[in-house]
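The values are calculated or read from the model by the stated rules, or taken from the named source; none is laboratory data. All values reported here derive from a predicted model rather than from experimental measurement. Every residue, glycine among them, receives a Cβ derived from its backbone with ideal geometry; neighbour counts consider all protein chains shown.
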Amino acid sequence: MNREIHVRICGGLGVRFPGATRQDSLRHGEHETVTFTFLGYAFRPRQVMGKNGKIFTSFTPAISPEALTAKGQMVRGWRLHMRTGTSLDELAKAINPVVAGSPGAGSLLHDVA
């Protein structure tokens, strides 16, 4: 089966797959930045440390700018600076599920009608 797939993709058994492309940190000249957003994550080249301790460029996810803006607006909407009578334990009970990413946790600080 692998032989059939290889022939279909490459056009013959003598054709080999191309080698891995060079890392972004090694490219010379002008290249467009490759970035895309998927499910609230922005994928783009970032510097990461490998298991051996060496730093290299990898295509890794992080929170997208749009999702970061939405999170910031949600936190500002909690108006924490106005909750001076609330204990830290009560605030922690309300905030921790949101920080942990529990579904539906965005309404914990509001009365839902």
Can you tell me how many residues within the stretch 65-92 are in a loop (DSSP other than H, G, I, E, B) and in contact with a helix residue (DSSP H, G or I) (Cβ under 9 Å, 6 or more places away or on another chain)? 3
Looking at Ala62 and the list (1) in a helix (DSSP H, G or I); (2) at pLDDT below 90; (3) within 16 Å of Gly40 (Cα to Cα), which single condition is not satisfied? (1)
Would it be correct to say that Phe36 is within 11 Å of the chain's Cα centre (by Cα), under 30 Å from Val99 (Cα atoms) and modelled with pLDDT of 85 or more? no
If His6 satisfies all but one of (1) assigned to a loop (DSSP other than H, G, I, E, B); (2) surrounded by 10 or more Cβ atoms within 10 Å (Cβ to Cβ); (3) modelled with pLDDT under 60, what's the number of the condition it fails? (1)
